[in-house]
Amino acid sequence: MTSSIEPSMNCRRELDGAPAAVVTNVQRFSLHDGGGIRTVVFLKGCPFRCPWCCNPENLSCEPEVSYKERLCIRCSMRAGEHVCPVAPEECPTGAKELLGKVRGVSELVDEVERDRTFYEESGGGVTVSGGECLIYQDFLHAFLEACHERGLNTALESTLGIPLKDAPRLVAACDSFLVDYKMADRERSLEVTGIDPRVRDANVRAILTLGGRVVARMPIIPGFTDDLDCVASNVATIKRQGIDRVDVLPFHQLGEGKYDALEMPYALRGMRQLSESDVKTVVDLCGRAGLKTIIHGE
């Protein structure tokens, strides 16, 4: 089976002839994205379509406007109007927000370096996430290398569902790869999400062969990845690859409001969030396999 989703979507950006990326957010003081206190850079654009995605603002690689009606004071709307004419940058309450800005390497490194003290005190650093950040591989190489040149620890959150262009260069600049293990069955994964586990596994082998560090991450999503056969298959793959740690990520609804703000349909609307007790069976299975298991990650 093949996927109708194209993993080579063209999101290439440049500033002054140098690689750039569309960035939606630089999130400071994150605690579950690679160890210690971290600053997470979210890149905009993803060729895959996981129904449970909690960052729908990062699916398209084009800047787009988010509108939160609950914040709108209708300061510029006349009677009978339902569409606010105010530009996002002029909105006084933040009800309208432009998501995504093309940013270059040097200014972005300058921004993340402001939190150097927190990184040094906590063993933290900089993490790049998405979307799927591998759609910007030229930018990734340059950005992670620039972070390393300033002595900053680096991590990457990714499906690894896109072939690596230059694995040695990426591994040399990235201290940790936080890699998703979602739907274990290849045909179902391709059908539902567009992700080919074989591509991920080939990338993982390349990274590990080059001496890179990989942490497996298993999002537990009711009806998609919570079946114990799926979990057991993922655990077997993780063990076979020589990975010794897995982060178990219980399903949450933190992204639900984002779909509303973007006027996008959300397939898992209203689904109950999972607690730590809900994933105990998964954690126990991982533990019996000899894996260091951390709920939510660190």
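Quick notes on this one:
- Some residue of region 63-71 being more than 30 Å from residue 133 (Cβ to Cβ) and surrounded by fewer than 18 Cβ atoms within 10 Å (Cβ to Cβ): yes
- Flag for residue 117 being of a type outside the set (Asp, Glu), in the same structural domain as residue 39 (by TED's automatic domain parsing) and free of Cβ contacts under 8 Å to residues at least 24 places away in the same chain: yes
- Subset of region 112-132 [crowded, with 22+ Cβ neighbours inside 10 Å and either assigned to a loop (DSSP other than H, G, I, E, B) or of a type in the set (Ser, Thr, Tyr) (or both)]: 124, 127, 129, 130, 131, 132
- Listed here are the helices (runs of 4 or more DSSP H) enclosed by region 163-270 that have at least 2 residues being of a type in the set (S, T, N, Q): 197-209, 228-241.
- Within the option set 65, 102, 23, 86, being more than 30 Å from residue 216 (Cβ to Cβ) and either touching a Phe, Trp or Tyr at 6+ places or on another chain (Cβ under 7 Å) or in a loop (DSSP other than H, G, I, E, B) (or both) holds for one residue only, 86.
- Applying the condition of being over 12 Å from the mean Cα position of the chain (by Cα) and in a loop (DSSP other than H, G, I, E, B) to region 35-58 and asking which residue is surrounded by the most Cβ atoms within 10 Å (Cβ to Cβ) yields 47.
- Test for residue 89: is it among the charged types (D, E, K, R) and at pLDDT 90 or above: no
- Any hit, region 271-278, residues being in the same structural domain as residue 221 (by TED's automatic domain parsing), assigned to a helix (DSSP H, G or I) and loosely packed, with under 13 Cβ neighbours inside 10 Å: yes
- Scanning region 32-55 for residues that are out of contact with any Ser or Thr (no Cβ under 9 Å at 6 or more places or on another chain) and more than 17 Å from residue 264 (Cβ to Cβ) gives a single hit, 32.
- Each residue in region 89-99 was checked for being in contact (Cβ under 8 Å) with a residue 24 or more places away in the chain and either surrounded by fewer than 14 Cβ atoms within 10 Å (Cβ to Cβ) or part of a loop (DSSP other than H, G, I, E, B) (or both), and 2 of them qualify.
- Number of the exception - residue 256 against (1) surrounded by fewer than 20 Cβ atoms within 10 Å (Cβ to Cβ); (2) farther than 30 Å from residue 99 by Cα; (3) of a type outside the set (Gly, Ala, Ser); (4) out of contact with any helix residue (DSSP H, G or I) (no Cβ under 6 Å at 6 or more places or on another chain): (2)
- Per-region count, region 77-87, residues surrounded by 14 or more Cβ atoms within 10 Å (Cβ to Cβ) and out of contact with any strand residue (DSSP E or B) (no Cβ under 7 Å at 6 or more places or on another chain): 1
- Filtered by the rule that a residue be free of Cβ contacts under 8 Å to residues at least 24 places away in the same chain and not polar (S, T, N, Q), region 198-213 gives a lone residue, 198.
- For region 1-15, a residue qualifies if it is modelled with pLDDT of 70 or more and either over 22 Å from residue 128 (Cα atoms) or of a type in the set (Lys, Arg) (or both), and the qualifying residues are 12, 13.
The values are calculated or read from the model by the stated rules, or taken from the named source; none is laboratory data. What you are looking at is a predicted structure, and each value in this text was computed from that prediction instead of being measured. With ideal geometry, Cβ positions are generated from the backbone for all residues, glycine too; neighbour counts draw on all protein chains shown.
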